[in-house]
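What follows is a single structure, written as structure tokens, with notes after it.
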Amino acid sequence: MSRQLIWIFAGGVVVWAALSMDISADRLSLAIPRLGEFLGRMFPPDWSVWPEILKGMIETLRIAILGTFFSVLLSAGLAVLASQRLFPRLIWQPVRAFLAMIRAIPLIVIAMLMVASVGLGPLPGILAITIHATGMLAKFYAEAIDNVSEAPVSALASAGASRAQQLRWGIWPQMAPVILRDTIFRFELNLRESLVLGIVGAGGIGLYVQTYVRSFQYDKAAAVTLAIVALVLMSEFVAVIVQRKFS
């Protein structure tokens, strides 16, 4: 009975959300031809802007790589402090609350703050990616530590191993595959998110998308969009190869 009530409640929430929005069949029917007209202006893509596209793609890739690298370094230390296995509640609970606070702030807001702090360019994008990704990666790393088997750690502890030795020889071999998976996933996410950082002046190829769309150069915007799709697909292909190599 309780399960039926949950489904009824969920359905009611969906209906309430739909009724409170300005959604109508007339507006949707008008949107289709407008969308077709917009897409018609985008093709064929204008590849004369390829030098700018290549520059933006390289900058975006660098932002994602450096942001991921620095977030991994920060997350490694914070994850140890956030582990319930390694530290008492007085330590891990405030650290996890801090990480949750970071995750609660949208990336675009962090990027705007970084732009206001250090100015335009790729640096605020790197800082924004680093901060935002740390909130997620440190949580994942801490959970990986907490979910390892207790037996190897207990054996090392009984042999007189220090906490650092327990982490290196008892915990790390078990959590390494999980760490690799989560890090690759976060890098893919960082790459996607860094694509839009240019909208607020934080570097990357997103700046070109914004520029061409605002100036009604839709054929050039289409070329940038296709390049972005190719970059994302390439990153997923490389990520699959890396995971297979180390799995």
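The values are calculated or read from the model by the stated rules, or taken from the named source; none is laboratory data. In this text the structure is predicted, and so the values were computed from the model without any measurement. Glycine gets a Cβ as well: all are built from the backbone with ideal geometry, and neighbour counts include every protein chain shown. In case anyone asks, the SASA skips ligands and DNA or RNA and just uses the protein heavy atoms, side chains included. Shrake-Rupley method; radii C 1.70, N 1.55, O 1.52, S 1.80 Å.
Does PRO44 satisfy being within 30 Å of TYR212 (Cα to Cα) and exposed (fewer than 10 other Cβ atoms within 10 Å of the Cβ)?
Numbers: within 30 Å of TYR212 (Cα to Cα): yes; exposed (fewer than 10 other Cβ atoms within 10 Å of the Cβ): yes.
Against the criterion (within 30 Å of TYR212 (Cα to Cα) and exposed (fewer than 10 other Cβ atoms within 10 Å of the Cβ)), PRO44 qualifies.
Under the condition of being outside any helix (DSSP H, G or I) and either of a type outside the set (A, V, I, L, M, F, W, C) or under 28 Å from LEU231 (Cα atoms) (or both), the residues counted in the range 21-51 number 6. Scanning the range 80-113 for residues that are outside any helix (DSSP H, G or I) and among the basic types (Lys, Arg) gives a single hit, ARG85.
If the condition is being of a type in the set (D, E, K, R) and out of contact with any helix residue (DSSP H, G or I) (no Cβ under 9 Å at 6 or more places or on another chain), then the range 36-54 contributes only GLU37.
The requirement of being open to solvent by 40 Å² or more (accessible area, probe 1.4 Å) and in contact with a Gly (Cβ under 6 Å, 6 or more places away or on another chain) is fulfilled somewhere in the range 152-161, by at least one residue. Going by the structure shown, is ILE65 surrounded by 10 or more Cβ atoms within 10 Å (Cβ to Cβ), of a type outside the set (Phe, Trp, Tyr) and within 30 Å of THR211 (Cβ to Cβ)? Considered against the rule, which asks whether it is surrounded by 10 or more Cβ atoms within 10 Å (Cβ to Cβ), of a type outside the set (Phe, Trp, Tyr) and within 30 Å of THR211 (Cβ to Cβ), ILE65 comes out as yes.
Given the condition buried (at least 16 other Cβ atoms within 10 Å of the Cβ) and either farther than 24 Å from ILE129 by Cβ or without any contact (Cβ under 8 Å) to a residue 12 or more places away in the chain (or both), answer yes or no: does some residue in the range 236-243 qualify? Break it down into steps so the answer makes sense when it comes.
Start the filter on the range 236-243 by keeping residues that are buried (at least 16 other Cβ atoms within 10 Å of the Cβ), which leaves 239.
Subset that is either farther than 24 Å from ILE129 by Cβ or without any contact (Cβ under 8 Å) to a residue 12 or more places away in the chain (or both): none.
Among the residues of the range 236-243, not one is buried (at least 16 other Cβ atoms within 10 Å of the Cβ) and either farther than 24 Å from ILE129 by Cβ or without any contact (Cβ under 8 Å) to a residue 12 or more places away in the chain (or both), which makes the answer no.
Pick from VAL109, VAL49: which is surrounded by fewer than 19 Cβ atoms within 10 Å (Cβ to Cβ), over 30 Å from SER162 (Cα atoms) and not hydroxyl-bearing (Ser, Thr, Tyr)? After applying the criteria, what remains is VAL109. For the range 129-148, a residue qualifies if it is open to solvent by 60 Å² or more (accessible area, probe 1.4 Å) and either touching a strand residue (DSSP E or B) at 6+ places or on another chain (Cβ under 6 Å) or of a type outside the set (D, E, K, R) (or both), and the qualifying residues are ILE131, ASN147. Pairs, please: C-beta under 6 Å, at least 6 apart or cross-chain, first residue closer than 13 Å to VAL229 by Cα and at pLDDT below 90 and in the range 52-70, second in a helix (DSSP H, G or I) and open to solvent by 10 Å² or more (accessible area, probe 1.4 Å)? Partner pairs satisfying both residue conditions: MET57/LEU231.
Filter the range 104-152 down to the residues that are more than 21 Å from LEU189 (Cβ to Cβ) and within 13 Å of the chain's Cα centre (by Cα) and list them by number. Give the derivation first.
Filtering the range 104-152 down to residues more than 21 Å from LEU189 (Cβ to Cβ) leaves 116-121, 145-152.
Matches in the range 104-152: none.
Listed by first and then second residue, the pairs linking a residue in the range 79-108 that is within 24 Å of ILE171 (Cβ to Cβ) and among the polar types (S, T, N, Q) to a residue that is open to solvent by less than 60 Å² (accessible area, probe 1.4 Å) and not in a helix (DSSP H, G or I), with Cβ atoms under 9 Å apart and 6 or more places separating them unless they lie on different chains, are GLN93/ALA82.
Scan ALA116, ALA138 and give me the residue that is in contact (Cβ under 8 Å) with a residue 60 or more places away in the chain and assigned to a helix (DSSP H, G or I). Give the derivation first.
On the way: ALA116 fails: in contact (Cβ under 8 Å) with a residue 60 or more places away in the chain.
On inspection, the qualifying residue turns out to be ALA138.
Number of residues in the range 27-41 that are open to solvent by less than 100 Å² (accessible area, probe 1.4 Å) and in contact (Cβ under 8 Å) with a residue 24 or more places away in the chain equals 1. Which residues, taken from the range 198-227, are closer than 30 Å to ARG181 by Cβ, at pLDDT 80 or above, open to solvent by less than 30 Å² (accessible area, probe 1.4 Å) and in a helix (DSSP H, G or I)? Passing the criteria: only ALA227.
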